[in-house]
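Read the structure below first, then the notes.
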Amino acid sequence: MDIEKFREYCLSLPCVTEDFPFDETVLVFRVKNKIFACVCLDKPELGVLKCDPEYAIELRDHYMAIEPAWHWNKKYWNQIWFNRDVDDKLIYDLAAHSYSEVVKKLPKKDQIDLKNTK
């Protein structure tokens, strides 16, 4: 996986925006203004995604490329090394999972708006 494919996939999801809220190197992807993913432009092989806590532990136990995310709540956030033992399909699936984890916590009105956008 390269950073541009990851970016394109994240932006293909409904109502996703991107910005640099922390500095000029951390690109963040949001749905309805809530972060679901980010990449580091100075470390293009690294992405961060939200995850169900139990699934996060399972992934960390199974893949060397998936670790608790540094500077994020380690219960919910994984950092993924794109150049290690995860394939593109899994990274896309994890990005979709992250998006879904954030969407399910949104107010019902926003969830309905997203369903109508598809």
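Which angle from 0 to 90°, rounded to the nearest 10, does the C-alpha axis of helix 108-117 make with the longest principal axis of the chain?
90 degrees
Calculated from DSSP H runs of 4 or more alone, at -39500 (n - 2.57) each and per residue, what is the 222 nm mean residue ellipticity of the chain, nearest 500?
-12000 deg cm²/dmol
Can you put 48, 102 in order, fewest other beta carbons within 10 Å first?
102, 48
Would you kindly state the longest site-free stretch of the chain, with sites defined as chymotrypsin sites (Phe, Trp or Tyr not before Pro) in a DSSP loop (not H, G, I, E, B) surrounded by at most 15 other Cβ atoms within 10 Å?
Within the chain, the longest run free of exposed chymotrypsin sites (Phe, Trp or Tyr not before Pro) spans 71-118.
With axes computed from alpha carbons, what is the tilt in degrees of helix 3-12 against the longest principal axis of the chain, rounded to the nearest 10 within 0 to 90?
It works out to around 20 degrees.
What's the extension gain from residue 85 to residue 12 if we count 0.36 nm per residue and subtract their Cα-Cα distance?
23.8 nm
Nearest 10 degrees is fine. How inclined is helix 88-103 to the longest principal axis of the chain, computing both from alpha carbons?
With both axes taken from Cα atoms, the answer is about 40 degrees.
Pick out, in residue order, every one of the trypsin sites (Lys or Arg not before Pro) in the range 1-81 that is DSSP loop and has at most 12 other C-beta atoms within 10 Å; say none if there are none.
75
Once you place label points 7 Å from the Cα toward the Cβ at residue 93 and residue 105, how far apart are they in nm?
2.3 nm
Since every read-out is calculated from the coordinates, none of them should be taken as a lab result. Everything numeric in this text was worked out from a predicted model, so none of it was measured. Virtual Cβ from ideal backbone geometry, glycine too; neighbours counted across all protein chains shown.
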